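Here's the structure we're looking at; comments come further down.
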Amino acid sequence: MPTIEVRGLRKTYGTTVAVDHIDLDVAEGEILGILGPNGSGKTTTVECVAGLRRPDAGSLRVAGLTPGRDRDRLNRIVGVQLQQAGLQAKLTVREALELYSSFYEHPADGVALAERLSLGPKLDTRYGKLSGGQQQRLAIALALVGRPRVALLDELSTGLDPRSRRTVWEVVEDARAEGTTVLLVTHLMEEAQYLCDRVALFDRGRIVALDTPEGVVSRTRVPTVMSFFRTASGSASPAGAPDTAALAAIDGVERVRVREDGRIELGLTDEAVPEVLDRLAAEGIRPGRLRVVDATLDDAFLNLTSASADGTGAPGTGDTTEEA
Amino acid sequence: MAASPTRTVLRTEVRLFLREPAALFWIVLFPALLVGGLGQVPGYRDPEEGVDGVPVIALYVPVAILLAMLLAAVSTMPVALAGYREQLILKRIATTPARPRDLLIAQYAINGGAAVAGGALAMLVVRIGYGTGLPGNAAAHLLALLLALAATLAIGGLISAVVPTARLATTVGAILLFPLMFTAGVWLPVSAMPDLLGDIVSLTPLGAAALALDAAGAGGWPALRDVAVLLAWTLGTGAIAARYFRWN
């Protein structure tokens, strides 16, 4: 039996459908990441699982309990990180940890957890005086301090620098090693790829892909990204505007763009790679600093969600958009 | 078993309240400073120049106590609770074994307690400084003060329930404070108000509280009518607050 079971979840706010028939299972000890554009229903789903919102339709089970109905039993085994930590401004880090530890039967060592998250020097600092990243890390510590069976983390590492992000990932992995099942919302593809066993790609209240990160990537039309500088005589300096339209016309090339630094980037199928090389050779262009890599979850994200409606990553547009 | 969340939340909230010097000053110290200062006005301590042989300063003790209640329940508590809603503190705690209502209970208890401390200090200042004020009928005083505290906290609870932000709660509290202070008799004792005004004010929560305290001060018991008015305000505003309170 999955630890989190979502069946036919639907939630509307007035006439807006936030979540429309979501089915999702999270196995015990799994880390499942929810990805998706803003307003695609990620937070609504997490808040329904946490029992903070009542679904309009569908059923929810968390560790055999029903969110909302079994509130007291559920809240003892679930740790939640909301987008805002929700703490009193004058509460110190240490006091917040003590308060939240006191809520649970077998809490972790809050101070040790804070130290792991580099909050050691801030233990006696008030919440309101912490930086955004420190508040974020405290929120994560408070979500995990009760050693929850289920952790629901909304926007795990938004606003964290790369080093803090790594630390947070390690802390989440440690929690999983102790048996915690994790459902997290993220905007960072790198985070999903590093941390998540599976990702659910949300778009307009529905799940458009649910697979391992690699599985989601391979599902896109452009599993490969090829990029190079156009060079005239072997030097790596960009020379003139390339004929992107001709490259885009090659079968299997889904998109072509010129990055700000002059690097030409193509999203394409594996089969199209030699075709492109042949074309370049025929035109006397030597691709400088050539890279052929797997598409990232970022590419899959743009490809599979409605963000592509604005043209980015849409097939064969041959656009020359600047890198976001 | 973990300690009762209600208790740990209360302990934390007490700690936080002690970090609010402005609230502490207005609720706990200001009413005592006010009556202490009024005692320096020539004649205010003289029974001959008072009302029915009671010196004016003694009449101001119940008023100071009601003022402490208003500053706690109407000026301070709604700002805290609206802020807790606005900053998602109520929402976050709703996901823990503690409950949002634990924060409400703590805020009622702390602001009620601070008002009692402020009122007691005002009374002590007048008793020790000027040898007069309060007990007449001590039990009746206790009854009247409890009813007044319940009514002011219920009004504060109603503001907390319907006002969405801490900022707006500050404004609403400030706007309501003056009519409530007036009906409590801060500028003119309720018993000394002209007939029609007095009748109207006696139907307000603070007006009824002032009359009940006057009765206790005279050695008697509050009129049933005043008790009924206080209870009606407490239950009425409490019911509306419970109906409309938004947790997020």
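The values are calculated or read from the model by the stated rules, or taken from the named source; none is laboratory data. What you are looking at is a predicted structure, and each value in this text was computed from that prediction instead of being measured. Neighbour counts are summed over all protein chains in view; Cβ atoms, including those assigned to glycine, are modelled from backbone coordinates with ideal geometry. Accessible surface is based on the protein model in full, side chains and every heavy atom, while ligands, DNA and RNA are left aside. Shrake-Rupley method; radii C 1.70, N 1.55, O 1.52, S 1.80 Å.
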For this session: Report the label-to-label distance for A:D251 and A:L290 in nanometres (one decimal), using points 7 Å from each Cα along the Cα→Cβ vector.
Result: 2.1 nm
Exercise. Residue farthest toward the positive end of the dipole of the stretch B:128-248, with Cβ of Lys/Arg at +1 and Asp/Glu at -1: which of B:G220, B:A139, B:P194?
Worked result: B:A139
Seminar exercise, completed: Long-range alpha-carbon pairs in the stretch B:5-244, meaning those over 22 Å apart, account in percent for 52 percent
Exercise. Using a 1.4 angstrom probe on protein heavy atoms only, which residues from the stretch A:74-88 are buried by at least 30 Å² of accessible area when all chains are present rather than their own chain alone?
Worked result: A:N75, A:V80, A:L82, A:Q84, A:G86, A:Q88
Problem set entry | Helix-only mean residue ellipticity at 222 nm for the protein assembly as shown, each DSSP H run of n ≥ 4 adding -39500 (n - 2.57), per residue, nearest 500 | -14500 deg cm²/dmol
Problem set entry | the stretch B:5-244, relative contact order in percent, only Cα pairs under 8 angstrom and at least six apart counted | 25 percent
Exercise. How high is the FRET efficiency from A:D56 to B:R167, r the C-beta distance, R0 30 Å, rounded to 0.05?
Worked result: 0.35
Problem set entry | Phi-based couplings in Hz for the stretch A:169-181 (Karplus 6.51, -1.76, 1.60; Gly and Pro marked x) | 4, 4, 5, 5, 5, 4, 4, 4, 4, 8, x, 6, 8
For this session: In Å³ and rounded to a whole number, note down the convex hull volume per residue for the Cα atoms of chain A.
Result: 151 Å³
For this session: Read phi for every residue in the stretch A:95-103 and hand back ³J(HN,Hα) as whole Hz from Karplus 6.51 cos²θ - 1.76 cosθ + 1.60, θ = phi - 60°, with x for Gly and Pro.
Result: 5, 4, 5, 5, 4, 5, 4, 5, 6
For this session: In whole Hz, with x marking every Gly and Pro, tabulate ³J(HN,Hα) for the stretch B:116-123 from phi via Karplus 6.51 cos²θ - 1.76 cosθ + 1.60, θ = phi - 60°.
Result: 4, 4, x, x, 5, 5, 4, 5
Seminar exercise, completed: In Å, the Kirkwood hydrodynamic radius from C-alpha pairs for the protein assembly as shown sits at 28.0 Å
For this session: Leaving out ligands and nucleic acids, note down the accessible area per residue over the protein assembly as shown with a 1.4 angstrom probe, in whole Å².
Result: 44 Å²
For this session: Can you grab the distance from the C-alpha centre of the stretch B:20-85 to the C-alpha centre of the stretch B:118-191, Å, no decimals?
Result: 8 Å
Exercise. Regarding the stretch B:108-248, what are the three Cα extents along the principal axes, ordered largest first, in Å?
Worked result: 49, 34, 25
For this session: Taking 7 Å along the Cα-to-C-beta vector as the label spot, tell me the B:I200-B:E48 distance in nanometres, rounded to one decimal.
Result: 3.8 nm
Problem set entry | Summed buried accessible area for A+B [probe radius 1.4 Å, Å², rounded to 100] | 2600 Å²
Exercise. Please state the relative contact order of chain A as a whole percent: Cα pairs under 8 Å, 6+ residues apart?
Worked result: 18 percent
For this session: Give, ordered by residue number, each residue of the stretch A:47-65 whose 1.4 Å probe accessible area is reduced by a minimum of 50 Å² on adding the remaining protein chains to the chain alone.
Result: A:L52
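Take A:D298, A:D278, B:D46 and sort them by solvent-accessible surface of the protein heavy atoms, 1.4 Å probe, largest at the top.
Sorted by accessible area, descending: A:D278, A:D298, B:D46.
So if we plug the beta-carbon distance of A:E190 and B:Y244 into 1/(1 + (r/R0)^6) with R0 = 41 Å, what FRET efficiency do we get, rounded to 0.05?
So the FRET efficiency works out to roughly 0.35.
Take the solvent-accessible surface of the protein heavy atoms, probe 1.4 Å, and return the percent of it on chain A that carbon and sulfur atoms account for.
Details: 6470 of 14030 Å².
Carbon and sulfur: 46 percent of the exposed surface of chain A.
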Exercise. Roughly how many nanometres apart are two label points built 7 Å out from the Cα toward the Cβ at B:R19 and A:D261?
Worked result: 4.5 nm
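Quick check: convex hull of the Cα atoms in the stretch A:26-125, volume per residue, rounded to a whole Å³?
Numbers: hull volume 15.1 nm³, N = 100.
Roughly 151 Å³ of hull volume per residue.
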Problem set entry | Cα-based radius of gyration of the stretch A:38-195 once divided by 2.2 N^0.38 Å, which approximates compact folds | 1.00
Seminar exercise, completed: One point scatterer per Cα, no solvent, Debye formula: log10 I(q)/I(0) for the stretch B:83-149 at q = 0.16, 0.19 Å⁻¹ comes out as -0.68, -0.80
For this session: Mind checking the stretch B:218-248 for trypsin sites (Lys or Arg not before Pro) that DSSP puts in a loop (not H, G, I, E or B) and that have at most 14 other Cβ atoms within 10 Å?
Result: B:R246
